[in-house]
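Structure, as structure tokens:
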Amino acid sequence: MTTYALGDIQGCQPQLRELFGIIEDETPGAKLLFAGDLVNRGPASLETLRMVRDLGERAVAVLGNHDLHLLAVASGIRKMKSGDSVQPILDAPDREELIDWLRHRPMAYTANGILLVHAGVLPQWDLTVTMELAHEVEHVLRGSDWKDFLAEMYGNLPDKWDDSLTGTARLRCIVNGLTRLRFCTADGQMEFASKMGTNEAPQGYMPWFDVPGRKTRKDTVVFGHWSTLGLLLRDNLVSLDTGCVWGGKLTAVRLDDRALFQVDCPGFLEPGDLPAKPTR
């Protein structure tokens, strides 16, 4: 089946609807892979969730950090932050159905040599290990103790993977790698403060995908999350977050032939609209 991968929507449902129309004209019924962060900061997170949910099995959406934030807010574990736009979801009559649907989304997805994640993959993880670790988090999120996990999920430590990690520390490290990673050291120590492009890497750090010998280099990793990186197409890499919510574009790439499809976005936020120091 022809497959398209789409970057971070972040509640920009009018642009998603426009891009979806273009894709339908090109390839009716195509498989759609969403690189996470369906919600938050844009004006129509509720409509976005409903639209992607209603696409059924033709759509796969991995969880991003903003999606997890919504789950935590809906559970009463985290408070709304400046710039959040998820209140309509919390007030919706189908709120519980939407939250339940969201927490059952995968942390990672693979098919036909593609590995879809929200942010990145630690260099020590190959495709098989990545999927196994993603399943560990999915198991907890889909279980009866999911709220307890969310209460312990936040934090920057441990910032380096070790196979001996257990419990909450292990799950937190997996979540951070899959949903927050931008820069790391050659041995996989993560850095979370820097949000700029690759030319402004902190000293001693590099983009996760440029780590020599990373174990997913023979797979095609598709990801979003990094709007200051923007569109990046390599033989083994597809970066899709082109800053829709910031006034950039919403991007889709047809993975079969790397054809590019984009729609312009008006920009619903400016950097000054958000707190200077993020809480996650």
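Brief remarks follow.
- Only one of the numbered conditions (1) among the charged types (D, E, K, R); (2) closer than 15 Å to F34 by Cβ; (3) assigned to a helix (DSSP H, G or I) is violated by D100, and that is (2).
- Count - residues of region 61-76 that are more than 20 Å from I174 (Cα to Cα) and not in a helix (DSSP H, G or I): 2
- Residue in region 52-59 that is surrounded by fewer than 22 Cβ atoms within 10 Å (Cβ to Cβ), without any contact (Cβ under 8 Å) to a residue 24 or more places away in the chain and assigned to a loop (DSSP other than H, G, I, E, B) present: yes
- Any pair with Cβ under 7 angstrom, 6 or more apart, that starts in region 73-85 at a residue that is touching a residue at least 60 places away in the same chain (Cβ under 8 Å) and ends at one that is assigned to a loop (DSSP other than H, G, I, E, B) and of a type in the set (A, V, I, L, M): S82/L274; G83/L269; G83/L274
Bear in mind that the values in this text are calculations on the coordinates, not laboratory data. Just so it is clear, the model here is predicted, and its values are computed rather than measured. Every residue, glycine as well, gets a Cβ built from its backbone with ideal geometry; the counts of neighbours run over all protein chains shown.
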